[in-house]
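The block underneath contains the structure these notes are about, expressed in structure tokens.
The values are calculated or read from the model by the stated rules, or taken from the named source; none is laboratory data. Small disclaimer: the values here were computed from a predicted structure and weren't measured. In this analysis, Cβ positions are derived from the backbone assuming ideal geometry, glycine residues included, and neighbour counts consider all displayed protein chains.
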Amino acid sequence: MITIVSKAEVRDENIEKYLDLVTELADKSRKEPGCISYSLYTDINCPNILTFIEEWEDRSAIEAHNSSEHFVRIVPQLR
């Protein structure tokens, strides 16, 4: 199993759109083969700081995820 932990700090004016996008990304990612879990957390003290925790069976599952339609479409919009 491989665990990926990442954080994002989102500008206040972008948070609603960002949350819509990452919710779609998480929902679709959870359905992928090899995805054990994909969670998104909001910081209790600073709601524009988000933490992602992903668990994947192996590196090939991550590579497939990184090539998926939803990943390729959504991730560039998050930058």
Do the conditions hold for LEU19, that is, is it of a type in the set (A, V, I, L, M, F, W, C), part of a helix (DSSP H, G or I) and within 11 Å of the chain's Cα centre (by Cα)? yes
Give the number of residues within the range 1-16 that are outside any strand (DSSP E or B) and of a type outside the set (D, E, K, R). 4
Among the residues of the range 60-79, which ones are more than 14 Å from ALA26 (Cα to Cα), hydroxyl-bearing (Ser, Thr, Tyr) and surrounded by 11 or more Cβ atoms within 10 Å (Cβ to Cβ)? SER60
Go through the residues of the range 23-42 one by one and say whether even a single one is in contact with a Gly (Cβ under 8 Å, 6 or more places away or on another chain) and over 13 Å from ILE4 (Cα atoms). no
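Collect the residues in the range 30-56 that are of a type in the set (Gly, Ala, Ser) and under 24 Å from ARG11 (Cα atoms), keeping them in residue-number order.
Going residue by residue through the range 30-56, those that are of a type in the set (Gly, Ala, Ser) are 34, 37, 39.
The answer is SER39, and nothing else.
Condition first: under 18 Å from PRO76 (Cβ atoms) and either free of Cβ contacts under 8 Å to residues at least 60 places away in the same chain or of a type in the set (A, V, I, L, M, F, W, C) (or both). Now tell me which residues in the range 18-39 satisfy that.
Within the range 18-39, LEU19, ASP20, LEU21, VAL22, THR23, GLU24, LEU25, ALA26, LYS28, SER29 qualify.
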Subset of the range 6-16 (residues that are without any contact (Cβ under 8 Å) to a residue 40 or more places away in the chain and either surrounded by fewer than 12 Cβ atoms within 10 Å (Cβ to Cβ) or within 10 Å of the chain's Cα centre (by Cα) (or both)): ARG11, ASP12, GLU13, GLU16
Of the conditions (1) at negative phi; (2) free of Cβ contacts under 8 Å to residues at least 60 places away in the same chain; (3) not hydroxyl-bearing (Ser, Thr, Tyr), the single one that ILE62 does not satisfy is (2)
From the option list GLU32, GLU57, single residue qualifying as touching a helix residue (DSSP H, G or I) at 6+ places or on another chain (Cβ under 8 Å) and either surrounded by fewer than 16 Cβ atoms within 10 Å (Cβ to Cβ) or modelled with pLDDT of 95 or more (or both) is GLU32
